[in-house]
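Asks: This is the structure I have questions about; it appears just below.
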Amino acid sequence: NETEERHKDGSLYTVQQTITPLQGETNEIAHYISIQEDVSAQKLAEQRIQHMAHHDALTGLPNRSLFFDRLKQAAAISKRAAKHVALLFLDLDPFKPVNDSHGHTVGDALLKAVAERLQNCVRESDTVARIAGDEFTVILPRIDHRADATVVAEKIVKSISEPFLIDGHTIHIGVSIGIALYPDDALDEQELIRLADEAMYDAKHHGRNTYRFHTPA
């Protein structure tokens, strides 16, 4: 079995412990031999692999796989608590010209800076994910009112509108946000994502750097 031990400096390490009984002349157990192997490096490597499998390598945010898991979990929790979930689908405006003008190094640094600002706009219980390119999502679980999502969307629009200073370049971008609510708009996670995505394109068509809720046809 695995146990945690403590070094003299107070830091913890993980050991794999094997205990083997030794029988005496009367076949009764006379002694035990305990063999301990430090497996801290192995455990750390396993944790890193797990993190890489579920997080975006550039920003450190949850990736598409973990995003789906978090969305399902949020829906289940909110259902039991009679609360709502707001899904925000975000697309940066404009992002491609940044790569074209300043190169991918600056573009990558901009995405990391955007990720930090998004995390500063939400609660610890919320999830910010990067699902592809310059597309991000925000999951707001256990909210009471549509207005709660409005507050976060407005905060994000304002934050992303502030200029970014990246490698000596001052970069101005905006963000289009589409919002769909569970269970008001959809009871299925895939449908919720589709509706939030559609609302995001609606925001783009209304001048960008704004947000739109899903509205039934």
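The values are calculated or read from the model by the stated rules, or taken from the named source; none is laboratory data. Quantities reported herein were computed from a predicted structural model and do not represent experimental measurements. Reconstructed Cβ throughout: ideal geometry from the backbone, glycine too, with neighbour counts over all protein chains shown. These accessible areas exclude ligands, DNA and RNA; they are computed on the full protein's heavy atoms, side chains included. Shrake-Rupley method; radii C 1.70, N 1.55, O 1.52, S 1.80 Å.
Asks: Of the conditions (1) part of a helix (DSSP H, G or I); (2) of a type in the set (D, E, K, R); (3) within 22 Å of the chain's Cα centre (by Cα), R142 satisfies every one except a single condition; which number is it?
Replies: Exception for R142: condition (1).
Asks: Just to be sure I understand, how many residues within segment 116-139 are outside any strand (DSSP E or B) and of a type outside the set (D, E, K, R)?
Replies: Qualifying residue count for the region: 7.
Asks: Working carefully through the options R142, R194, R208, find the one that is under 19 Å from A75 (Cβ atoms), modelled with pLDDT under 95, out of contact with any Phe, Trp or Tyr (no Cβ under 7 Å at 6 or more places or on another chain) and not β-branched (V, I, T).
Replies: Of R142, R194, R208, the one residue that is under 19 Å from A75 (Cβ atoms), modelled with pLDDT under 95, out of contact with any Phe, Trp or Tyr (no Cβ under 7 Å at 6 or more places or on another chain) and not β-branched (V, I, T) is R142.
Asks: I would also like to ask the following. Applying the selection to segment 181-217, what residues are closer than 23 Å to D69 by Cβ, part of a loop (DSSP other than H, G, I, E, B) and without any contact (Cβ under 8 Å) to a residue 12 or more places away in the chain?
Replies: Selection gives A186, L187, D188.
Asks: Go through segment 72-108 and give me each residue that's open to solvent by less than 80 Å² (accessible area, probe 1.4 Å) and in contact with a His (Cβ under 9 Å, 6 or more places away or on another chain).
Replies: If the condition is that a residue be open to solvent by less than 80 Å² (accessible area, probe 1.4 Å) and in contact with a His (Cβ under 9 Å, 6 or more places away or on another chain), then S78, H84, V98, H102, V106 are the ones that fit.
Asks: Looking only at residues in segment 186-217 that are charged (D, E, K, R) and under 18 Å from V151 (Cα atoms), which one is least open to solvent (accessible area, probe 1.4 Å)?
Replies: Within segment 186-217, the match that is least open to solvent (accessible area, probe 1.4 Å) is R212.
Asks: Related question: One residue is enough: does segment 94-112 have a residue meeting the conditions within 16 Å of L192 (Cα to Cα) and aromatic (F, W, Y)?
Replies: no
Asks: Considering each residue of segment 162-185, count those that are over 22 Å from the mean Cα position of the chain (by Cα), open to solvent by 40 Å² or more (accessible area, probe 1.4 Å) and not charged (D, E, K, R), and give that number.
Replies: Of the residues in segment 162-185, 6 are over 22 Å from the mean Cα position of the chain (by Cα), open to solvent by 40 Å² or more (accessible area, probe 1.4 Å) and not charged (D, E, K, R).
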